[in-house]
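> Submitted below is the structure of interest, expressed as structure tokens.
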Amino acid sequence: MIQLKQFDNGFSYLQVNNLSCSAKIALQGAHIFEFRPVLHDNLLWLSPISEFKEQSAIRGGIPICWPSFGNNNPALAQHGFARTSLFTLISAEDINPNTTQIILKLTDTQETREIWNYQFELEVIFTLSETLSVELKTTNKDIKAFKITQALHTYFDISDISHVEISGLDNKPCFDALTQKTEPFYGNITFNEEFDRVFQNLHDTILLKENNKTVEIKSSGSNSAVVWNPWIDKCAKMSAMEADAYKEFVCIESANAYEDFRVLQPQESHSLKATFTTL
Ligand code: TA6
């Protein structure tokens, strides 16, 4: 079942319920902010004090960073404009009793051309079943080439950051946004301080483990991933985050970031896709 719903302030989202999962996807930002597989734990963290309002990014779920990740394009706002733009619903379909597909689209407007002067189409394709898959398909509709960086800035719901271990990033070149240095990273990732790094040359599955739970993250069209936890001091300064929120989430972001940027020629498309499976 797929329903178009609104909060009291008119902010619209899709509510999906099928035999395998339930989900909520905002039309602003094509932003999935809840995904609950029937047989497993809730996948995505959502800040209990996040606001749902126009022009403001939801804190949690999967913000879509596009057409620029972080400050990769200094002319644009941090993480680009897609996450605060209103998408159009193209299709919403129960493919079978266990699987629903939702397609949302953003195209250029006078407003987007003023800050990023290109004609484009960005389709976001959600496939919702036992697993969640999200595809960002960018098409260049202009007569000139453009460059994008992007990320699925996924906030994973965890019980306690000190029990989390991330594998699949061993021996990869890694840019540390805190020290601004690039060096190889060795081993699995555990957390006891602020962590904000961009990993390159990725081809493998990433695993997020906490106690008995394992989430598998498979990406295509992407050779980079970002891992982020703000820890105590930064968390206290972040918008729409409670002081202890850093314990409850970790971001693992399938990306095309920094040197993994993509240049699209006129009429060319590129898809970045991530699939999240609780094992
Ligand atoms: O992806 C990590 C990061 O770029 C961090 O540096 C951090 O500030 C974060 O994203 C959240 O950014 P936001 O603009 O959503 O507050």
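The values are calculated or read from the model by the stated rules, or taken from the named source; none is laboratory data. Keep in mind that what you see is a predicted model, and the values were worked out from it rather than measured. A quick note on method: Cβ atoms are made from the backbone with ideal geometry, for glycine too, and the neighbour counts reach across all protein chains shown. With ligands, DNA and RNA removed, areas are computed over all heavy atoms of the protein, side chains included. Shrake-Rupley method; radii C 1.70, N 1.55, O 1.52, S 1.80 Å.
> Please specify each residue of segment 109-144 satisfying the condition of being open to solvent by less than 30 Å² (accessible area, probe 1.4 Å) and more than 26 Å from Asp41 (Cβ to Cβ).
Residues of segment 109-144 open to solvent by less than 30 Å² (accessible area, probe 1.4 Å): 112, 116, 120, 122, 124-126, 128-129, 132-134, 136, 138-140, 142.
Result: Thr112, Trp116, Phe120, Leu122, Thr138, Thr139, Asn140, Asp142.
> Which residues, taken from segment 245-259, are assigned to a strand (DSSP E or B) and either open to solvent by 10 Å² or more (accessible area, probe 1.4 Å) or out of contact with any Asp or Glu (no Cβ under 8 Å at 6 or more places or on another chain) (or both)?
Taking segment 245-259 as the starting set, the residues that turn out to be assigned to a strand (DSSP E or B) are 249-256.
If the condition is that a residue be assigned to a strand (DSSP E or B) and either open to solvent by 10 Å² or more (accessible area, probe 1.4 Å) or out of contact with any Asp or Glu (no Cβ under 8 Å at 6 or more places or on another chain) (or both), then Val250, Cys251, Ile252, Glu253, Ser254, Ala255, Asn256 are the ones that fit.
> Would segment 230-237 turn up any residue that is under 17 Å from the mean Cα position of the chain (by Cα), open to solvent by 10 Å² or more (accessible area, probe 1.4 Å) and either of a type outside the set (Asp, Glu) or away from the ligand (no atom under 11 Å from the Cβ) (or both)? Even if it seems obvious, please write down each step before you answer.
Step one: of segment 230-237, the residues under 17 Å from the mean Cα position of the chain (by Cα) are 230.
Then keep just the ones that are open to solvent by 10 Å² or more (accessible area, probe 1.4 Å); that gives none.
No, segment 230-237 contains no residue that is under 17 Å from the mean Cα position of the chain (by Cα), open to solvent by 10 Å² or more (accessible area, probe 1.4 Å) and either of a type outside the set (Asp, Glu) or away from the ligand (no atom under 11 Å from the Cβ) (or both).
> Being among the charged types (D, E, K, R), open to solvent by 30 Å² or more (accessible area, probe 1.4 Å) and within 26 Å of Asp244 (Cβ to Cβ) is the filter here, so list the residues in segment 145-187 that pass it.
Asp157, Asp160, Glu165
> Picking from Thr205, Thr190, which residue would you name as being more than 14 Å from the ligand (Cβ to nearest atom), over 30 Å from Gln119 (Cβ atoms), open to solvent by less than 70 Å² (accessible area, probe 1.4 Å) and among the hydroxyl-bearing types (Ser, Thr, Tyr)? Outline the logic, then answer.
Numbers: Thr190 fails: open to solvent by less than 70 Å² (accessible area, probe 1.4 Å).
Only one candidate passes the filter, namely Thr205.
> Could you look through segment 185-206, keep only residues that are hydrophobic (A, V, I, L, M, F, W, C) and without any contact (Cβ under 8 Å) to a residue 60 or more places away in the chain, and pick out the one that is nearest to Ile252 (Cα to Cα)? Give the derivation first.
Step one: list which residues in segment 185-206 are hydrophobic (A, V, I, L, M, F, W, C), which gives 185, 189, 191, 195, 198-199, 202, 206.
Applying the additional criterion that residues be without any contact (Cβ under 8 Å) to a residue 60 or more places away in the chain yields 185, 189, 191, 195, 199, 202, 206.
On the way: Phe185: 15, Ile189: 11, Phe191: 13, Phe195: 11, Phe199: 11, Leu202: 13, Ile206: 9 Å.
Result: Ile206.
> Can I ask one more? Go through segment 73-157 and tell me which strands (runs of 3 or more DSSP E), entirely inside it, have 3 or more residues that are in contact (Cβ under 8 Å) with a residue 40 or more places away in the chain, closer than 18 Å to Ser271 by Cβ and within 16 Å of the ligand (Cβ to nearest atom).
Details: elements: 88-96, 99-107, 120-128, 132-140, 146-148, 150-152, 155-157.
It comes to 150-152.
> Let me ask something additional. When you look at Ser56, is it more than 21 Å from Asp142 (Cβ to Cβ), assigned to a loop (DSSP other than H, G, I, E, B) and either within 16 Å of the ligand (Cβ to nearest atom) or among the aliphatic types (A, V, I, L, M) (or both), yes or no? Please lay out each step first, then the result.
On the way: more than 21 Å from Asp142 (Cβ to Cβ): yes; assigned to a loop (DSSP other than H, G, I, E, B): yes; either within 16 Å of the ligand (Cβ to nearest atom) or among the aliphatic types (A, V, I, L, M) (or both): yes.
Spelling it out, Ser56 is indeed more than 21 Å from Asp142 (Cβ to Cβ), assigned to a loop (DSSP other than H, G, I, E, B) and either within 16 Å of the ligand (Cβ to nearest atom) or among the aliphatic types (A, V, I, L, M) (or both).
> Looking at (1) surrounded by fewer than 17 Cβ atoms within 10 Å (Cβ to Cβ); (2) under 18 Å from Val227 (Cβ atoms), which one does Pro74 not meet, given that it meets all the others?
Failed condition: (2).
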